Amino acid sequence: MKRKGQGLILADIFALFVLFLILAGFWFVLKLPELLPGREEQVIEGLFAEDASITLLNFLRSPVEVEGNIIETSKLISLAYRDKNLEESLRKHVKEIFPKIYGVCYGFFIYDKDKLVFQEGIEGVSSLAGEAMPVKVNLPLENKENLIIELNPTYFFKAGKKAFQTCGVK
Amino acid sequence: MKKGSVILGEETIKMLPRIFLAGFVLFFIFLILGVYLARDVRTEELEHSLLIKRLFYDQNCFSFTDERSYPGIIDLNKFQEERLEKCAFKEKIGYRLDLKEMNGDSIKSVEVNKKITALLDFCDTQKKNFQCYQDRNFVLVEEQGERRNALLDIFVVIRDEA
């Protein structure tokens, strides 16, 4: 036979038990990091492509000597676009700078619309070993057209660590 | 039977599976929550990246400024330890900046937070409580109104949080 109030008391016991479980659960959550043997690591990475954009902008602003005159590289690029004899000066300047930053892992390209008009270095390809991070800028010419300048360094994953490292730099 | 006593009868037996089920569900909720919270979130990579951006972009650091700031152009007058300590300093981060000519000759070197940069000597050997990063950047040096090409090597040590 069921007595008056018995159901209410049982509900109280159940509620207290659930409360106990919740508190025990919170204790468990707080203690779990100490109990687990190997802790998972989540690495938040930074942006690397932006570093290449500073390098490219500096390259375009860098002084270069052409036929006895010091001019900016962006000017040399626009001159070399018309006068193919100046391409060698540009190539020499590219080789003086980028290998010191990226070793052999870079490509420097100039496009006139979609047509490739100048190339130095290799075309970067993303793979399991590394990641190509191309940056591009538009270089306006006097005839109101644009050249597209692209720098494409490839960063390689450092062995045993979730980090990028440029190849060829020591 | 005493008056007011509780008989654990049919209702109690019905209650047991409910309690078991509630406990089971709660255990799994807390287990998932616990496993999620138990991970280490490593932000050293990000901190390193942010430090470099601050050095390059903040006009209070070493970037050349006239009407605007030029990231990547280094004003040699601003390339000083005291200035960089004010501009980019964090207790657990130490860094050394080596400014070099394109042929490798040193122009100037500065160190910020020497207590931490002392660990740079151990970067190739033991790295238990700290992380090391090395970057090389192509920069322009502005000195007395003239610009020349240079290289900036950045060595960063970030000590793990205690």
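Here is the figure for segment B:41-66: residues that are under 21 Å from B:G145 (Cβ atoms) and in a helix (DSSP H, G or I) total 0.
For segment B:67-84, filtered to residues that are in a loop (DSSP other than H, G, I, E, B) and modelled with pLDDT of 90 or more, the residue that is surrounded by the fewest Cβ atoms within 10 Å (Cβ to Cβ) is B:Q80.
Across segment A:22-36, a minimum of one residue is classified as at pLDDT below 90, more than 21 Å from A:L147 (Cβ to Cβ), within 9 Å of another protein chain (Cβ to nearest Cβ) and not in a helix (DSSP H, G or I). Picking from residues in segment A:99-124 that are hydroxyl-bearing (S, T, Y) and touching a helix residue (DSSP H, G or I) at 6+ places or on another chain (Cβ under 9 Å), the one that is modelled with the lowest pLDDT is A:Y102.
Yes or no: A:L8 over 55 Å from the mean Cα position of the chain (by Cα), over 19 Å from B:P17 (Cβ atoms) and at pLDDT below 70?
On the way: over 55 Å from the mean Cα position of the chain (by Cα): yes; over 19 Å from B:P17 (Cβ atoms): yes; at pLDDT below 70: yes.
It is true that A:L8 is over 55 Å from the mean Cα position of the chain (by Cα), over 19 Å from B:P17 (Cβ atoms) and at pLDDT below 70.
Being at the interface with chain B (Cβ under 9 Å from one of its Cβ atoms), within 30 Å of B:G34 (Cβ to Cβ), touching a helix residue (DSSP H, G or I) at 6+ places or on another chain (Cβ under 7 Å) and at pLDDT below 80 is a condition met by at least one residue of segment A:46-66. Against the list (1) touching a Lys or Arg at 6+ places or on another chain (Cβ under 9 Å); (2) at negative phi, the condition B:N113 fails is (2). Against the list (1) more than 13 Å from chain A (Cβ to nearest Cβ); (2) under 19 Å from the mean Cα position of the chain (by Cα), the condition B:E67 fails is (2). Against the list (1) without any contact (Cβ under 8 Å) to a residue 24 or more places away in the chain; (2) in a strand (DSSP E or B), the condition B:F30 fails is (2).
Which ones in segment B:106-150 are outside any strand (DSSP E or B), among the acidic types (D, E) and within 13 Å of chain A (Cβ to nearest Cβ)?
Applying the first criterion (outside any strand (DSSP E or B)) to segment B:106-150 yields B:113-129, B:144-145.
If we keep only those that are among the acidic types (D, E) too, we end up with B:121, B:124.
Within segment B:106-150, just B:D124 meets the criteria.
The values are calculated or read from the model by the stated rules, or taken from the named source; none is laboratory data. Fair warning: this is a prediction, and the values are worked out from it, not measured in the lab. FYI the Cβ positions are ideal-geometry reconstructions off the backbone, even for glycines, and counts take in every protein chain you see.
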